[in-house]
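Novice: What follows is a structure written as structure tokens; I'll ask about it next.
The values are calculated or read from the model by the stated rules, or taken from the named source; none is laboratory data. Owing to the predicted nature of the structure, the values given are computational and were not obtained by experimental measurement. Every residue, glycine as well, gets a Cβ built from its backbone with ideal geometry; the counts of neighbours run over all protein chains shown.
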């Protein structure tokens with residue numbers, strides 16, 4: 001039994017005949033008749049009484065008709081749901097986020113939704129390696145990534161440089177200065193995020209320390225920032241680096257947040273799948289416009305790669 005056979009049956013009943021049903025269905029009458037005969041063979045009974053001038057349902061056909069109508073109604077409803085879900089899916093923009101984006105992210109998303117109010121945005125927090133993997137797997141449409149590293153096969157829009165500050169015990173001698181020279185931290189262990197979660201950031205930090213004449217001593221494991229600050233750093237066991245935007249939102253008396261000399265800045269980029277969908281194109285346009293508007297306070301304007 002095929003859906004089209006049930007549709008033909010209902011059309012014949014609605015139109016009062018095979019010819020008018022064929023006109024409604026935009027097919028020849030012989031095709032309608034052939035499918036109804038096949039349906040009757042499969043059912044094992046006659047659906048229409050053809051002995052009269054006007055086509056009528058047999059008693060068995062009358063009993064069968066409501067079930068055919070129910071199948072067609074259910075199929076129509078299922079198609080409507082599928083169409084709605086597809087439309088909603090096309091309006092969903094899945095974006096990977098980075099720690100410390102703060103007002104930058106809010107401003108960019110506000111621009112996107114002003115331009116495309118139909119967009120629904122889903123934000124996913126993850127480390128850099130996970131976001132790159134999710135982009136390549138199709139689980140994300142775009143992602144804000146710090147020093148993204150290997151972006152082969154992806155498009156990259158460089159936006160701005162984010163400044164890092166050092167978090168060190170307030171009792172450390174270097175905390176007495178408005179700017180901390182990295183070399184003054186050489187003897188204190190460093191608790192830094194694992195390189196496998198943000199390889200590009202880890203490499204920039206390693207190079208900055210090497211340029212200052214030392215290699216970092218490994219400190220306590222970096223579990224999460226809150227625990228690290230409240231425990232090992234506040235008690236004088238280590239130091240770490242974090243984004244300046246994040247540091248401004250952390251109230252503490254036992255920890256000092258200071259810019260470093262030499263300064264450490266991390267490039268922030270919007271990485272996306274290619275080719276860009278209309279929604280990703282809208283996001284890139286908004287990010288580019290926002291980055292250009294704040295370029296005066298950063299080292300460089302936004303730049304596309306790939």
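Novice: Determine which member of the set 286, 263 is in contact (Cβ under 8 Å) with a residue 40 or more places away in the chain and surrounded by 21 or more Cβ atoms within 10 Å (Cβ to Cβ). Even if it seems obvious, please write down each step before you answer.
Specialist: Numbers: 263 fails: surrounded by 21 or more Cβ atoms within 10 Å (Cβ to Cβ).
Exactly one of 286, 263 is in contact (Cβ under 8 Å) with a residue 40 or more places away in the chain and surrounded by 21 or more Cβ atoms within 10 Å (Cβ to Cβ), namely 286.
Novice: Filter region 1-15 for residues that are without any contact (Cβ under 8 Å) to a residue 24 or more places away in the chain and in contact with a helix residue (DSSP H, G or I) (Cβ under 7 Å, 6 or more places away or on another chain); which is farthest from residue 67 (Cα to Cα)? Please lay out each step first, then the result.
Specialist: Of region 1-15, the ones without any contact (Cβ under 8 Å) to a residue 24 or more places away in the chain are 11, 14-15.
Those still in the list that are in contact with a helix residue (DSSP H, G or I) (Cβ under 7 Å, 6 or more places away or on another chain) too: 11, 15.
Working: 11: 14, 15: 18 Å.
Checking each candidate, the answer is 15.
Novice: Sticking with this one: With 35, 5 as the choices, which residue is surrounded by 13 or more Cβ atoms within 10 Å (Cβ to Cβ) and under 44 Å from the mean Cα position of the chain (by Cα)? Can you show your working first?
Specialist: Values: 35 fails: under 44 Å from the mean Cα position of the chain (by Cα).
Sole residue among the options that is surrounded by 13 or more Cβ atoms within 10 Å (Cβ to Cβ) and under 44 Å from the mean Cα position of the chain (by Cα): 5.
Novice: Please verify whether residue 123 is modelled with pLDDT of 90 or more, touching a strand residue (DSSP E or B) at 6+ places or on another chain (Cβ under 9 Å) and closer than 30 Å to residue 236 by Cα, treating the condition exactly as stated. Working first, answer last.
Specialist: Values: modelled with pLDDT of 90 or more: yes; touching a strand residue (DSSP E or B) at 6+ places or on another chain (Cβ under 9 Å): yes; closer than 30 Å to residue 236 by Cα: no.
No, not satisfied.
Novice: If we keep just the residues of region 218-260 that are over 33 Å from the mean Cα position of the chain (by Cα) and modelled with pLDDT under 90, which is surrounded by the fewest Cβ atoms within 10 Å (Cβ to Cβ)?
Specialist: 253
Novice: With respect to residue 121, is the statement that it is farther than 22 Å from residue 242 by Cα, in contact with a helix residue (DSSP H, G or I) (Cβ under 7 Å, 6 or more places away or on another chain) and surrounded by 11 or more Cβ atoms within 10 Å (Cβ to Cβ) true? Working first, answer last.
Specialist: On the way: farther than 22 Å from residue 242 by Cα: yes; in contact with a helix residue (DSSP H, G or I) (Cβ under 7 Å, 6 or more places away or on another chain): yes; surrounded by 11 or more Cβ atoms within 10 Å (Cβ to Cβ): yes.
Here the answer is yes, as residue 121 does meet what is asked.
Novice: Quick check on my filter: what residues within region 170-214 are assigned to a loop (DSSP other than H, G, I, E, B), within 27 Å of residue 130 (Cα to Cα) and out of contact with any strand residue (DSSP E or B) (no Cβ under 7 Å at 6 or more places or on another chain)?
Specialist: Across region 170-214, the qualifying residues are 193, 194, 195, 196, 197.
Novice: Still on this model: Out of (1) part of a helix (DSSP H, G or I); (2) at pLDDT 85 or above; (3) out of contact with any helix residue (DSSP H, G or I) (no Cβ under 8 Å at 6 or more places or on another chain); (4) not assigned by TED's automatic domain parsing to the domain that holds residue 167, the odd one out for residue 283 is which?
Specialist: (3)
Novice: Can you tell which of 143, 134, 74 is within 13 Å of the chain's Cα centre (by Cα) and part of a helix (DSSP H, G or I)? Working first, answer last.
Specialist: Working: 143 fails: part of a helix (DSSP H, G or I); 74 fails: within 13 Å of the chain's Cα centre (by Cα).
Answer to the check: 134.
Novice: Name every residue in region 215-249 that is part of a loop (DSSP other than H, G, I, E, B) and more than 20 Å from residue 176 (Cβ to Cβ), in order of residue number. So that I can check it myself, show each step before the final result.
Specialist: Step one: list which residues in region 215-249 are part of a loop (DSSP other than H, G, I, E, B), which gives 215-217, 219-224, 234-238, 248-249.
Of everything in region 215-249, those that are part of a loop (DSSP other than H, G, I, E, B) and more than 20 Å from residue 176 (Cβ to Cβ) turn out to be 215, 216, 217, 219, 220, 221, 222, 223, 224, 248, 249.
Novice: Another one. Tally up the residues in region 113-131 that are closer than 13 Å to residue 94 by Cα and either in a helix (DSSP H, G or I) or not assigned by TED's automatic domain parsing to the domain that holds residue 285 (or both), please. Full working, then the answer.
Specialist: Applying the first criterion (closer than 13 Å to residue 94 by Cα) to region 113-131 yields 119-126, 131.
If we keep only those that are either in a helix (DSSP H, G or I) or not assigned by TED's automatic domain parsing to the domain that holds residue 285 (or both) as well, we get 131.
Counting residues in region 113-131 that are closer than 13 Å to residue 94 by Cα and either in a helix (DSSP H, G or I) or not assigned by TED's automatic domain parsing to the domain that holds residue 285 (or both) gives 1.
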